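Report on the structure given below.
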């Protein structure tokens with residue numbers, strides 16, 4: 001039993017602030033203004049918070065966990081500001097790894113002085129003898145060197161998005177290369193990478209992740225690995241797996257209560273590759289991006305999944321994709337009304353008034369990425385260049401909140417780093433002040449709403465009696481620090497089920513075996 005004394009931000013619906021919280025056997029047994037000398041808690045250890053505060057643990061409500069783990073173990077070039085700097089980072093990285101296939105992540109044509117992606121020829125000049133997979137920052141395209149291109153040439157040549165001269169692969173060609181690479185990573189190494197990534201997420205105050213899985217492993221092995229990995233966790237970290245498939249039977253076979261994400265359930269591309277689906281053409285072009293499916297295909301999927309009782313999530317970046325998602329979900333709920341479905345549209349970067357109205361009417365959730373606001377990899381100047389006046393409509397958080405739409409927050413990792421304090425900072429300091437959230441709204445978005453999104457809010461997400469003691473100690477009070485300094489707050493400790501987070505121990509095989517046993521939750 002422990003007593004926490006100081007500022008307790010419960011993040012409950014009433015924004016209750018208490019000065020005492022008592023934890024016993026992993027559960028919260030008291031929250032209020034009790035003095036620790038109260039007879040029944042007299043012998044408990046007291047933790048004095050001082051200037052620090054206690055809040056619920058965070059949720060990353062949209063992360064590609066296996067991909068994030070893979071890239072987290074590889075080379076991250078997001079901070080490079082020129083292609084030569086990327087090449088120099090690669091030169092230094094290569095001697096540090098014996099991997100037969102080199103994985104790097106974060107290349108962007110918009111954050112480097114060159115104004116273009118690093119090329120196949122440039123990658124060859126540094127890495128000519130090992131296959132190299134350089135993924136673009138948005139996770140929807142890549143650049144390959146010649147060694148990797150030789151291995152995938154027959155698969156990608158007939159596909160849309162194959163640019164052999166520059167080595168850039170996007171759309172279907174990118175998915176084909178990604179499938180090849182993911183199947184090339186040894187399973188044991190992948191699980192070890194996942195263990196390291198889980199520890200990193202917990203250090204950031206994240207107590208639960210919603211992992212979208214299914215990126216081309218043979219037999220959907222990555223989905224099963226993530227399920228077993230999640231079920232084998234025994235240190236309080238929670239993980240919920242969403243299967244990225246349009247095949248409802250695949251999710252049902254694995255007894256998953258949810259379906260969707262990106263990849264196969266992505267309705268469009270992204271702004272970085274100019275293939276996010278738009279109602280009107282990109283500025284100065286006749287190009288409206290790409291809708292991967294017809295309305296009929298998406299509606300058929302939603303109706304089938306909704307009838308099966310599954311929770312549905314779909315990726316939509318552009319306004320045309322957002323409208324398609326809202327129409328399909330509305331049709332599914334008209335076909336088979338469900339009071340508490342918690343269907344969701346991921347990203348929702350460029351929504352429409354019509355689509356927002358549908359979300360309000362049918363209680364559709366929005367797992368958003370506030371890290372995309374003023375994002376160095378996709379600068380505002382670039383978005384204005386390709387979208388014109390429409391750029392002012394991006395990420396309208398206040399409009400969502402006014403409509404009563406439940407927003408959760410996620411990283412879309414590996415596209416951005418899982419950094420909940422940055423998510424809060426960006427939401428409160430929105431580049432359009434009219435679309436900013438209050439600190440309380442941003443905190444609740446990153447805590448309670450994430451647990452709500454996966455039906456876990458009865459057990460976690462707020463500091464209330466009876467709930468799991470999943471908590472974070474912050475270095476300061478987000479209600480009193482200047483809002484411009486929210487990003488400078490630090491996670492000092494992550495406490496899950498009442499215990500300080502313990503890094504994962506033991507080999508990957510025992511963890512997977514535990515996760516295969518009956519009763520594990522994912």
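The values are calculated or read from the model by the stated rules, or taken from the named source; none is laboratory data. Computed from a predicted model, the values in this text were never measured in an experiment. When we count neighbours, we look across all protein chains shown, and the Cβ atoms used for this are built from the backbone with ideal geometry, even at glycine.
Please indicate, with yes or no, whether at least one residue in region 35-57 is outside any strand (DSSP E or B), crowded, with 18+ Cβ neighbours inside 10 Å, under 28 Å from the mean Cα position of the chain (by Cα) and at pLDDT 95 or above.
Step one: filter region 35-57 for residues outside any strand (DSSP E or B), giving 35-44, 57.
Retained after the next criterion (residues that are crowded, with 18+ Cβ neighbours inside 10 Å): 41, 57.
In the following step, the residues that additionally are under 28 Å from the mean Cα position of the chain (by Cα) were identified as 57.
Adding the requirement that they be at pLDDT 95 or above leaves 57.
Yes, that holds for at least one residue.
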task = Could you run through region 58-74 and say how many residues are at pLDDT 95 or above and surrounded by fewer than 23 Cβ atoms within 10 Å (Cβ to Cβ)?
result = 0
message = Quick check on this structure: which one of 381, 357, 401, 391 is at pLDDT below 95 and in a helix (DSSP H, G or I)?
response = 381
query = Do we find a residue being out of contact with any strand residue (DSSP E or B) (no Cβ under 9 Å at 6 or more places or on another chain) and modelled with pLDDT under 95 anywhere in region 11-19?
reply = no
Options 142, 162; residue that is without any contact (Cβ under 8 Å) to a residue 12 or more places away in the chain and under 30 Å from residue 381 (Cβ atoms) = 162
ask   = Which pairs do you get when a residue that is farther than 24 Å from residue 472 by Cβ, found in region 488-512, comes within reach of a residue that is surrounded by fewer than 18 Cβ atoms within 10 Å (Cβ to Cβ), reach meaning Cβ atoms under 6 angstrom, with the pair 6+ apart or on two chains?
value = 508/188; 508/192
